[in-house]
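Here is the structure we will look at, set down as structure tokens.
The values are calculated or read from the model by the stated rules, or taken from the named source; none is laboratory data. In this text the structure is predicted, and so the values were computed from the model without any measurement. Here the Cβ positions follow ideal geometry from the backbone for every residue, glycine too, while neighbour counts run over all protein chains shown. Remember, those area values only see protein heavy atoms, side chains included, never the ligands or the DNA or RNA. Shrake-Rupley method; radii C 1.70, N 1.55, O 1.52, S 1.80 Å.
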Number of protein chains: 2
Amino acid sequence: MEAATNEKEPLSLGEIREVWPLLSMVDRIQAFELLPRDEAEDFFFGLDAREQARVVAGLPPREQRSWIRLLPPDDAADMIQAAGLEKREPLLAMLDEPTRLEVLALLAYAEDDAGGLMNPRYIRLRPDATVEEAIRYLRKQMNELPRTIHYAYVLDADQKLLGVVPLRQLFTAPPLTRVREVMRTNPVTIPEHMDQEAVSHLFAQNHFMALPVVDAEGRMKGIVTVDDVVDVVQEEATEDMQKLGGVAALDAPYLQIALPHMIRKRVGWLSALFLGEMLTASAMGYFEKEIARAVVLALFIPLIISSGGNSGSQATTLVIRAMALGQVRLRDWWRVVRREFLAGIGLGLVLAIIGFIRIVTWERIFHTYGPHYLGVAATVACSLVGVVLWGTIAGSMLPFILRSLGFDPASASAPFVATLVDVSGLVIYFTMAALILRGTLL
Amino acid sequence: MEAATNEKEPLSLGEIREVWPLLSMVDRIQAFELLPRDEAEDFFFGLDAREQARVVAGLPPREQRSWIRLLPPDDAADMIQAAGLEKREPLLAMLDEPTRLEVLALLAYAEDDAGGLMNPRYIRLRPDATVEEAIRYLRKQMNELPRTIHYAYVLDADQKLLGVVPLRQLFTAPPLTRVREVMRTNPVTIPEHMDQEAVSHLFAQNHFMALPVVDAEGRMKGIVTVDDVVDVVQEEATEDMQKLGGVAALDAPYLQIALPHMIRKRVGWLSALFLGEMLTASAMGYFEKEIARAVVLALFIPLIISSGGNSGSQATTLVIRAMALGQVRLRDWWRVVRREFLAGIGLGLVLAIIGFIRIVTWERIFHTYGPHYLGVAATVACSLVGVVLWGTIAGSMLPFILRSLGFDPASASAPFVATLVDVSGLVIYFTMAALILRGTLL
């Protein structure tokens, strides 16, 4: 009985935020409906598009309409996209006519386009209005404008963008000045099909609060505000990081994704890497006689190949992130090769020295590696330089190769590079052994 | 001669942005000084704090003062911090007295604190002012306010935050209403010592344009605006990704960091991993007799240990990113173990089946693995389930262990997990071999 009573007691906004991920959909809707309207609005705006779609779907039809109409066109478009194709028509039908047209236009953009991030509502001014007229117009329009406004945009009769006026400048200018005189010409603009990752670089570099989106003819289509960019930056970093770790992008929070779905996201790459790694068994088979003759060589195989994998993982991580941040471009490949060549030599030498000392010391203390231990130590040391250098070059160049072929450079995941380097690492190691140990151990 | 003439021709803003990273400091200053003042300002605001400090240092003293005074207090504090300790005093001396005090207060915050992101200038209103008075006050103050404003903050006589008024609401309210009646009470606030990563979650979740920073007594200290958060999100993601790839955070763009410095950032982890990986040589030494008796076992060593490393890399990447996004907290560890246990079993079984089929097929076609090939195939398959399961559990739990010990979970890099799993993978493999092949091959 007591549990039942507790269930009816409304949760506070803070409590709902806390327990939301743990509640069933029915309990979520119940808790949501018990919130006072203004807190419910705050909460609703804070949900991501998928959650908004689920909440709306759980409400009675009459309320659905009021919630979806609350969203600005860009957020409504995101929500309708997240709700899935079969719900698109009924949801669109709930919007008023002008918003429906705006949302339809937004849904036509690819998801990763600047156009998909854009809000089609913004403040338009004519260049020949006076500042006084502009302010009067502004105050009248405020209720229909986006929640946050920073700039007014000055358009000509063809909707072409002439300039931008920061609102602060508008409010402090003498009332009879023309808008044309206070506007900034040649503003930074975003082409409507620019990739959202490139959009986020523009914002990160320049600390803009909003940027205008224009089509190929320079006609204004809408604005992108910086608050939407924070999400994009998070999402893109998450995707890149997951790919780098050898997982397909999850597209949902870790604890919320269904287990079979998560296994599917991981099994693809894991199996592909496993198939690639099978080449090591073939390579090892090729050197089976050498191993039978000198088992001591087998002892260092994991050490050698993992060093190549680790140095490759470092290089590929650095290059992929630098590419994502726009710090390294395709045409920089030669500068990167030069740097990584020198870094690879340096890092390889450090590991070679540590490895050489380790083998010689162990032999002096434990007498484990036999009479030809110096040859073994030299083989391991030389292989380390070769393997680390190769790992570094392969790890840094793979993202360039993928990008120049039109693939996502982040697919050059650390495990992918490690697998690539494992096979060649074995070949380097046994070739060195043949060169150095021929006539003694082999 | 022609080259010399070209050098004097001023570059456009776009050209400077393009070639900036390639120019020497002297050429940068020269190009900067040739820009028209408004373009130079745009460019200067777009530079990061370190670059701003360098540009200011390169200008004549008189101009230095004008540029540093242009920056809002939070950006000035960032620049002074980036310029280094020895330049702190002379730079501070160039500020006007009130700004100097504000900047000093900001410099006292730890770099990763919310306080370090904060702008101490914002719009203050009294609760009993009328909307008309508030708007009049606002228009008068606009020139001294931050470049972008969204909300006015209502404070009592003790500087305690009573509520927030969106400017849009202020402009559309009836002129004689009291500010108290249009403000929103219980606004979301940021404690002054909140970590900047937590600050970025608040913004990412809720699409705020600015949030107020308060001290423990609820007194308003300043505001954090969303444009500064974009940088934080980028930076934190870069750091996490670099750590995940087994590199110490670079703290500078890839192509700009000096080569010896970059090698230092990589050699530490690489050597540590190498030392850890040496345990594989010891483990292999322990099984030397088994390898000598059945060389065929050696062939699958790279395959087995890399599968453990790859599955561990997937698990650690997913958990670290979910932790960074606040989706997984320390107390969720048991839910994560359960999921990863099931995922590890599933993934291990898939690889085991592929591996088993591969060995049996190869034997049928090439007759490479000898009469006991079914035993070998069974050993490999069982080891794969064990190694993948162990890699998955180790990779997902290591971030929890590190975090609960007070370390950064992102230090559980993919190569770190792979190294950890390599040694135990060998033990699992040879133990399985001893169990399954005793009496036949061993």
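With respect to (1) over 30 Å from A:HIS193 (Cα atoms); (2) out of contact with any Pro (no Cβ under 8 Å at 6 or more places or on another chain); (3) at pLDDT 80 or above, the lone exception for A:LYS87 is condition (1).
Among the conditions (1) in contact with a helix residue (DSSP H, G or I) (Cβ under 6 Å, 6 or more places away or on another chain); (2) within 26 Å of A:ARG264 (Cα to Cα); (3) not β-branched (Val, Ile, Thr), B:ALA298 misses just one, which is (2). Remark: pairs (first residue in the stretch A:286-299, under 15 Å from A:VAL380 (Cβ atoms); second residue in a loop (DSSP other than H, G, I, E, B) and hydrophobic (A, V, I, L, M, F, W, C); Cβ separation under 8 Å; 6+ apart in sequence or on different chains) = A:GLU290/A:LEU442; A:ALA294/A:LEU441; A:ALA294/A:LEU442; A:VAL296/A:LEU441; A:LEU297/A:LEU441. Output yes when any residue across the stretch B:232-253 is surrounded by fewer than 19 Cβ atoms within 10 Å (Cβ to Cβ), on the phi < 0 side of the Ramachandran plot and facing chain A (nearest Cβ under 9 Å), and no when none is. Looking for residues that are surrounded by fewer than 19 Cβ atoms within 10 Å (Cβ to Cβ), on the phi < 0 side of the Ramachandran plot and facing chain A (nearest Cβ under 9 Å), one finds at least one in the stretch B:232-253, hence yes.
For the residues A:ILE365, A:ILE345, A:ILE359, the requirement of being in a helix (DSSP H, G or I), farther than 22 Å from B:LEU255 by Cα and open to solvent by 40 Å² or more (accessible area, probe 1.4 Å) singles out A:ILE365. Out of the residues in the stretch B:197-231 meeting the condition of being under 27 Å from A:LEU211 (Cβ atoms), open to solvent by 20 Å² or more (accessible area, probe 1.4 Å) and in a loop (DSSP other than H, G, I, E, B), tell me which one is nearest to the other protein chains (Cβ to nearest Cβ). Among them, the one singled out is B:HIS207. Scanning the stretch A:45-79 for residues that are closer than 17 Å to A:ILE29 by Cα and within 13 Å of chain B (Cβ to nearest Cβ) yields A:PHE45, A:GLY46, A:LEU47, A:ASP48, A:ALA49, A:GLU51, A:GLN52.
Taken together, the residues in the stretch B:54-68 that are charged (D, E, K, R) and either part of a loop (DSSP other than H, G, I, E, B) or surrounded by 23 or more Cβ atoms within 10 Å (Cβ to Cβ) (or both) amount to 0. For A:LEU71, the test of being under 29 Å from A:ARG100 (Cα atoms), crowded, with 18+ Cβ neighbours inside 10 Å and at pLDDT 85 or above is passed. Any residue at all in the stretch B:264-271 that's open to solvent by less than 30 Å² (accessible area, probe 1.4 Å), closer than 27 Å to A:GLY344 by Cα and touching an Asp or Glu at 6+ places or on another chain (Cβ under 7 Å)? Looking through the stretch B:264-271, none of the residues is open to solvent by less than 30 Å² (accessible area, probe 1.4 Å), closer than 27 Å to A:GLY344 by Cα and touching an Asp or Glu at 6+ places or on another chain (Cβ under 7 Å).
Which residue, of A:ILE353, A:ILE401, A:ILE365, is modelled with pLDDT of 95 or more, out of contact with any helix residue (DSSP H, G or I) (no Cβ under 6 Å at 6 or more places or on another chain) and among the hydrophobic types (A, V, I, L, M, F, W, C)?
On the way: A:ILE401 fails: modelled with pLDDT of 95 or more; A:ILE365 fails: modelled with pLDDT of 95 or more.
The unique qualifying residue is A:ILE353.
Quick check on the stretch A:397-412: of everything there that is closer than 16 Å to A:VAL336 by Cβ and without any contact (Cβ under 8 Å) to a residue 40 or more places away in the chain, which residue is nearest to the chain's Cα centre (by Cα)? If we take residues in the stretch A:397-412 being closer than 16 Å to A:VAL336 by Cβ and without any contact (Cβ under 8 Å) to a residue 40 or more places away in the chain, then A:LEU402 is nearest to the chain's Cα centre (by Cα).
Listed conditions (1) touching a Lys or Arg at 6+ places or on another chain (Cβ under 9 Å); (2) in contact (Cβ under 8 Å) with a residue 24 or more places away in the chain are all met by B:ASP113, apart from (1). Do we have B:LEU374 as closer than 22 Å to B:ARG321 by Cα, open to solvent by 30 Å² or more (accessible area, probe 1.4 Å), of a type outside the set (Lys, Arg) and free of Cβ contacts under 8 Å to residues at least 40 places away in the same chain here? So B:LEU374 fails the test.
Residue count for the stretch B:305-332 under the criterion of being under 23 Å from A:ILE305 (Cβ atoms), facing chain A (nearest Cβ under 9 Å) and not hydroxyl-bearing (Ser, Thr, Tyr): the result is 5. Restrict the check to the stretch B:74-81 and report whether at least one residue is open to solvent by less than 70 Å² (accessible area, probe 1.4 Å) and part of a loop (DSSP other than H, G, I, E, B). No: zero hits.
Looking across the stretch A:273-289, the residues that are assigned to a helix (DSSP H, G or I), open to solvent by 10 Å² or more (accessible area, probe 1.4 Å) and of a type in the set (A, V, I, L, M, F, W, C) come down to A:LEU275, A:MET278, A:LEU279, A:ALA283.
Condition test on A:ALA237, is it over 16 Å from A:SER411 (Cα atoms), in a helix (DSSP H, G or I) and small (Gly, Ala, Ser)? Can you show your working first?
On the way: over 16 Å from A:SER411 (Cα atoms): no; in a helix (DSSP H, G or I): yes; small (Gly, Ala, Ser): yes.
No, not satisfied.
Set side by side, the residues A:PRO21, A:PRO72, A:PRO36 differ, and just one is in contact with a strand residue (DSSP E or B) (Cβ under 7 Å, 6 or more places away or on another chain) and under 21 Å from B:HIS207 (Cβ atoms), which is A:PRO72.
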